[in-house]
Amino acid sequence: MAESNNKYEQPVSRRHFLKNTGLVLGGLVVGGVAGSLLRRPEAPQQPGAAPAPAADYNQALMYFSPEQFKVVEAACERIFPEDELGPGAKALGAAYFIDHQLAGDWGFNAREYMQGPFYPGEATQGYQGRLKRREIFDIGIQELNNYSQSTYGKRFYEITPEQQDAVLKAFETDEVKLTAVSASAFFKMLRASTIEGIYADPLYGGNKNMDGWRLKNFPGNQMTYTQVIEQDKFVKMEPLSLRDHQH
Amino acid sequence: MARKLPKVDVVIVGVGWGGGIIASELTKQGLTVVGLERGKERKTEDYFMVHDELRYALRYEMMQDLSKETITFRSNTNVRALPMRSYGSFLMGTGLGGAGVHWNGHTFRFLPYDFEIRSKTIERYGEKKIPEGMTLQDWGITYDELEPYFDKFEQMAGISGAENPLGGKRSKPYPTPPMKMTPSMKLFEEAAKKLNLHPYPLPSANLSEAYTNPDGISRAACQYCGFCERFGCEYGAKADPVVTVIPVAKKTGKFEIRTHSHVRRILHTGNKATGVLYTDVTTGEEIEQPADIVVLTSYVFNNARLLLLSKLGRPYDPNTGKGVIGKNYCYQVMRGGATGFFEDREFNNYAGAGALGMVLDDYNGDNFDHSNLNFLHGANISVSQYGQRPIANNTVPEGTPSWGKEFKAASLKYANRTINVGAQGASLPFRHHFLDLDPTYKDVFGDPLMRITFDFEEQDRQLAAFMSEKCGEIAREMGASKVEVRGKLGPYDITPYQSTHNTGGVIMGASPETSAVNNYLQMWDVENVFVVGASAFAHNSGYNPTGTMGALSYRAAEGILKYHKSGGILV
Ligand SMILES: Cc1cc2nc3c(=O)[nH]c(=O)nc-3n(C[C@H](O)[C@H](O)[C@H](O)COP(=O)(O)OP(=O)(O)OC[C@H]3O[C@@H](n4cnc5c(N)ncnc54)[C@H](O)[C@@H]3O)c2cc1C
Ligand code: SF4
């Protein structure tokens, strides 16, 4: 695990940081975050104190049925498997992330143009279907199970990892034919959201304990890199999350 | 019936860079200005939780809500245009400050060649060099005429940089010194110099040091936080309209901003505008705002669309080449580039700033000989360090599977071991690339969407192939263990992000026959309407647009003040 050794690489309290970097200027200053932070009352800071392991109340389902969840969790794990390098998608909570995302705006394509008329279109014109993401997942998950059943006589999460890979490959290459949405389009969405679930801020339910970030030595949400930016040596830092901003 | 409000001097449609600059310049001179902005209010305090890649970069927190309004696209007139249902190729801004809030801050000046591109091309290579169908036009202004306005924009924004050895003449140096140099920038600089090229620091709106601009606005220095483009700056370091021009306009007491105000028509009688009609999207009420002067600053698409919806100006007809509104839509050629993989070196790729890099213009504009090349213009070549956020950046060598154990290993290994040498190519106009109203798809109010008809041409493919070779050469010289070159430009595809550098549609020029606005961005056909933005570009250069668009905004402000005094067509 990454450990910081230089003083400036320690997590810095936001207020402390802002006070010490001369960010607050006179005159017509409009840097409002700086101002509002300085007005906030002091909260006790305990950098380095390890949080006591607690139940993760985030790990419950908002959208998937337990059966759907099992399929998705197994598929995510094949996309990003646990190995000697570290945790995989399952341990990182990627399937919970996807569940939570499908429950909200993204699952409903709420900020996308979903008015008709619907025509098939060229590949260069992008997605033209009428299905929302949550519906695409419903179909895709069902078909992962169907295809596993017909090929191996078991549900997706019951077959071996090698068999799961073969099933996913069949989806990725459109060897499996679905109606309403292509198997490869579903696979692409599954892959992309798995990656999101590994690396998005832990506030969304994946990237558990920021361990996804640690895999890549990504420091998450830091206040500043002014001291790092010119350095020739790679600087490892203990990551910070948005929660560290709030507390 | 719409509720009619008291008349003001000027009404501005959209409050981004264009709207903010116009508002500050006019209110400083005492004009009363109303700014109508369809989106919400924005302030620096909003960015407390901004270091959130998912929310801002992948879920487009700050961008236009496509469920309400989007564009439609087709590659040519034989294809049915279909709506851009989700984001991809470009990201339209909304809310106070517009896209200026979540831009990178690359702030270039187009080259002298750009403004006189037709004349200069013919002068050097003869008329035959311009391919059939390419509607190349001079801009009706020269670089030297525009220079003072470039300077104004740069002083206002506090651009950090050092002189471009191959650029146009400057009256003043950049107001702040260049940004810090990262190891990858140094590698690029050394490699480029060895290849006898002319690298210089990317002109940046991120601010290398604390700066107070001529309007008395102070901003803090950039923290290289790595969450810049697609994000708002929590320090107010990045120059954006909300922390620069808008407070200046507000301080005069002459600028009223109305957010949640979606403008739907420009009202007019005879050949003069009388005001605008807008909808208060919080109540649904229709409101008429009369004004002596109407300024469109609603970005390329809505600038052209509002004119077409309001039946102002002459719509462009690609069959005859006549008409002007919708003409010369251009974009950017982003495909030429190379990735260097470094086996034995790690870079602090997680750190960075929106406009942090080294660039060169040896292959941009007409800075190199095109006699034996099958394309015109060129590209700016660069190495830049934005901060490689982990969801979007998973570069693996060619041939690596895109998922599974091998993908995991390679994406982790190379997370901090790749450097990208990129080319940002010019996009030149063709007769059959244009904007018009879609016959089928409508926005949330029932108004037709803007339709884009556009594709890449042989010009673009040749340019991309040439540039990727050059980028590859530089990446190899930088010492990469392995270099992959991306030179093949397919058809224009609306799905992958390329750049939000859409241009044209309401282009400027010397004659009403071939252009919609004059060099004050005043409409030839409707003298009290000014159309401000990259919509005025007669083509797009091998650069990001906003430096030039900002300069033109200052020029337009001057024109509006003149018009307010004396009236009439200004040139
Ligand atoms: C991620 C990203 C990175 C970028 N990086 C760079 C860069 O590094 N360098 C560079 O030069 N450029 C960059 N750009 C482009 C740059 O942001 C734009 O060129 C610039 O902001 C355009 O300014 P504008 O005022 O013309 O339009 P906008 O900033 O788009 O402002 C237009 C405003 O009008 C409003 N509006 C539109 N229609 C209506 C209506 N009907 N009624 C009321 N209001 C309306 C919109 O809500 C918006 O606020 C980037 C863009 C993006 C998205
Ligand atoms: S990189 Fe610099 S300018 Fe950009 S958001 Fe961070 S601090 Fe602001």
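Nothing in this text is a laboratory measurement; each read-out follows from the coordinates by a stated rule. What you see is a predicted model; the values in this text were computed from it and never measured. All Cβ positions, glycine included, derive from the backbone under ideal geometry; neighbour counts span all protein chains shown.
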For this session: Any chance you could count how many residues in the range A:197-247 are assigned to a loop (DSSP other than H, G, I, E, B), of a type in the set (A, V, I, L, M) and at the interface with another protein chain (Cβ under 7 Å from one of its Cβ atoms)?
Result: 5
Seminar exercise, completed: Just one listed residue, out of B:Gly365, B:Gly340, B:Gly313, is part of a strand (DSSP E or B), more than 14 Å from chain A (Cβ to nearest Cβ), more than 15 Å from ligand 1 (Cβ to nearest atom) and touching a residue at least 60 places away in the same chain (Cβ under 8 Å), and it is B:Gly340
Exercise. With (1) touching a residue at least 12 places away in the same chain (Cβ under 8 Å); (2) in contact with a Lys or Arg (Cβ under 7 Å, 6 or more places away or on another chain) as the list, and A:Asp83 as the residue in question, which single condition is left unmet?
Worked result: (1)
Exercise. Among the residues of the range A:125-156 satisfying the criterion of being crowded, with 19+ Cβ neighbours inside 10 Å and of a type in the set (Val, Ile, Thr), which is farthest from the other protein chains (Cβ to nearest Cβ)?
Worked result: A:Ile141
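Matching residues to (1) buried (at least 19 other Cβ atoms within 10 Å of the Cβ); (2) over 19 Å from the mean Cα position of the chain (by Cα):
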site	(1), (2)
B:Gln462	no, yes
B:Arg476	no, yes
B:Ala480	yes, yes
B:Arg486	yes, yes
B:Leu489	yes, yes
B:Ile494	yes, no
B:Gln498	no, no
For this session: Answer with yes or no whether B:Val359 is touching a helix residue (DSSP H, G or I) at 6+ places or on another chain (Cβ under 8 Å) and either closer than 30 Å to B:Asn393 by Cα or among the polar types (S, T, N, Q) (or both).
Result: no
For this session: Would you mention how many residues in the range B:13-26 are crowded, with 24+ Cβ neighbours inside 10 Å and over 19 Å from the mean Cα position of the chain (by Cα)?
Result: 3
Exercise. Can you find a residue in the range B:61-82 that is at the interface with chain A (Cβ under 8 Å from one of its Cβ atoms), crowded, with 23+ Cβ neighbours inside 10 Å and among the hydroxyl-bearing types (Ser, Thr, Tyr)?
Worked result: yes
Seminar exercise, completed: Considering residues that are charged (D, E, K, R) and in contact (Cβ under 8 Å) with a residue 60 or more places away in the chain, the number found within the range A:100-146 is 2
For this session: For the range B:38-56, name all the residues that are assigned to a helix (DSSP H, G or I) and buried (at least 19 other Cβ atoms within 10 Å of the Cβ).
Result: B:Thr44, B:Asp46, B:Tyr47, B:Glu53, B:Leu54, B:Arg55, B:Tyr56
For this session: Quick one: which residue in B:Thr244, B:Thr297, B:Thr252 is within 14 Å of chain A (Cβ to nearest Cβ), crowded, with 24+ Cβ neighbours inside 10 Å and of a type in the set (S, T, N, Q)?
Result: B:Thr244
For this session: Evaluate the range B:419-437: report whether one residue or more is crowded, with 20+ Cβ neighbours inside 10 Å, among the small types (Gly, Ala, Ser), more than 30 Å from B:Ser310 (Cα to Cα) and facing another protein chain (nearest Cβ under 10 Å).
Result: no
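The rows are residues; the columns are (1) closer than 17 Å to B:Val101 by Cα; (2) assigned to a loop (DSSP other than H, G, I, E, B); (3) more than 16 Å from ligand 2 (Cβ to nearest atom); (4) touching a residue at least 40 places away in the same chain (Cβ under 8 Å).
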site	(1), (2), (3), (4)
B:Gly167	no, yes, yes, yes
B:Pro178	no, yes, no, no
B:Phe188	no, no, yes, yes
B:Lys193	no, no, yes, no
B:Arg230	yes, yes, no, yes
B:Ala239	yes, yes, no, yes
Problem set entry | Qualifying residues in the range B:29-51 (those that are closer than 21 Å to B:Gly236 by Cβ and among the basic types (Lys, Arg)) - the one farthest from ligand 1 (Cβ to nearest atom) | B:Lys43
